[in-house]
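The values are calculated or read from the model by the stated rules, or taken from the named source; none is laboratory data. None of the values given here were measured: they were computed from a predicted structure. Neighbour counts are summed over all protein chains in view; Cβ atoms, including those assigned to glycine, are modelled from backbone coordinates with ideal geometry. When the accessible area is computed, the model is the full protein with side chains, heavy atoms only, and any ligands, DNA or RNA have been set aside. Shrake-Rupley method; radii C 1.70, N 1.55, O 1.52, S 1.80 Å.
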Amino acid sequence: MKRFVSILMLLAMIFALTACGETAIPAESAAPAESEAPAEESSAAEFTGVEDGVFTVGMECAYAPYNWTQMDDSNGAVPISNVPGAYANGYDVMIAKKICEANGWELEIVSSAWDSLCPAVQSKTMDANIAGQSMTADRMAEVDMAGPYYYATIVCVTTKDSPFASASSIADLAGGKCTSQSGTIWYDSCLPQIPDAELLAPAETAPAMIMQLQTGTVDFVCTDMPTAMAAVAKDDNLVILNFSGTDGDFQFASEEERAENVNIGISVLKGNSFLREAIDSVLSQMTEDDFNALMDQAIAIQPEV
């Protein structure tokens, strides 16, 4: 009898082990983790930024006439998503609206500091920057750029009563106090070409730069033609010094380098060919005259600073 009971116990143990083995098999086979990873990689590779139908655009909203902030929706202004009650308008907003209309996207404007624009595109926080950015080699090493969507001559601005008001070349600006906006070719490459220039710290924004000129902190500033035209339109005591096309102009190593600094483009994520091509398809339908006419419209409606 004892032997019979032992046999029964042995059979019971074998049955229990077999049952455990059957439950372990599904646990091993239920781990298709590797098959899920390629799907995530594929999704990242196909990022366009407008999958949701919303074109999220970064700009300073403080760089008239390219872009500015106003407190109502007059003249077609668009709400600034991260500044409740505020609206963005200007040339950049007008261009962004044309791009959205052509592609059936909704436009979202986000206000961002100048130095944060490219990092925001790189991190996919923004789909694009339409912010008056030059198409420089350094910038295009960080992001891809569509465009140009404007051609901006480099100029200086001074006051009518300034001893530099009659300057006909950058040599005539020698010894003057000057500044420009931070992170720009104007501050980093142009102003240092002026003999014995007293280069003050860069201004954080274009309005701050113009304010330094108006208050006499500097003798002149360096910027692009649209910014200069916008400033002169609001203050008739300011004059534009345009040396372009003369031997007294700011110099670049080549015409290609000059072009990359006066051509204004739209930043998108590196490798985002879908969005870059979608933007270029709209810009390619516009001529330089179209760009200038739209810029004139922006200057005409810019608010008083």
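For PHE47, PHE243, give the ranking by accessible area with the largest first, probe 1.4 Å. Intermediate values should be presented prior to the final figure.
On the way: PHE47 45, PHE243 5 Å².
If we order PHE47, PHE243 from most to least accessible, we get PHE47, PHE243.
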Item to complete: Rounded to whole Å and sorted largest first, list the principal axis extents of the Cα atoms in the range 121-252.
Response: 47, 30, 25
Discussion item. Please report, in whole Å³, the volume per residue of the convex hull around the C-alpha atoms of the range 46-165.
Written reply: 143 Å³
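Work through the residues other than MET211 whose Cβ is under 14 Å from its Cβ and net out their charges, Lys, Arg +1 and Asp, Glu -1. Don't skip to the answer; put the middle values down first.
Values: positive: LYS234; negative: GLU204, ASP235, GLU304.
Around MET211, the surrounding residues sum to -2.
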Practice prompt. Starting from the residue with the highest accessible area, list ASP144, ASP138 in decreasing order, probe 1.4 Å.
Written response: ASP138, ASP144
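Using Cα pairs closer than 8 Å and at least 6 residues apart in sequence, work out the relative contact order for the range 148-305, in percent. Present the calculation step by step, with values, prior to reporting the outcome.
Values: 229 pairs, mean separation 53.0, N = 158.
Result for the range 148-305 is 34 percent.
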Worksheet, complete the sentence: Diffusion coefficient in µm²/s returned for the range 241-305 by Stokes-Einstein, Kirkwood Rh over C-alpha pairs, 37 °C and 0.692 mPa s, is 217 µm²/s
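Using a 1.4 angstrom probe on heavy atoms only, work out the carbon and sulfur share of the accessible area of the range 217-301 in %. Present the calculation step by step, with values, prior to reporting the outcome.
Values: 1750 of 3780 Å².
Accessible surface attributable to carbon and sulfur in the range 217-301 totals 46 percent.
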Worksheet item: Quick one: how many Å² of GLU51 are accessible to a 1.4 Å probe, rounded to 10?
Response: 120 Å²
Item to complete: Please give the per residue accessible area of the range 103-220, computed with a probe of 1.4 Å over protein heavy atoms only, in Å².
Response: 40 Å²
Worksheet item: Residue-wise, which Karplus ³J(HN,Hα) couplings in Hz belong to the range 242-257, taking 6.51 cos²θ - 1.76 cosθ + 1.60, θ = phi - 60°, and x for glycine or proline?
Response: 10, 9, 4, x, 10, 5, x, 7, 4, 9, 10, 4, 7, 5, 5, 5
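What's the local net charge at SER169, with K and R +1, D and E -1, over the other residues with C-beta under 9 Å away?
Residues close to SER169 contribute a combined charge of -3.
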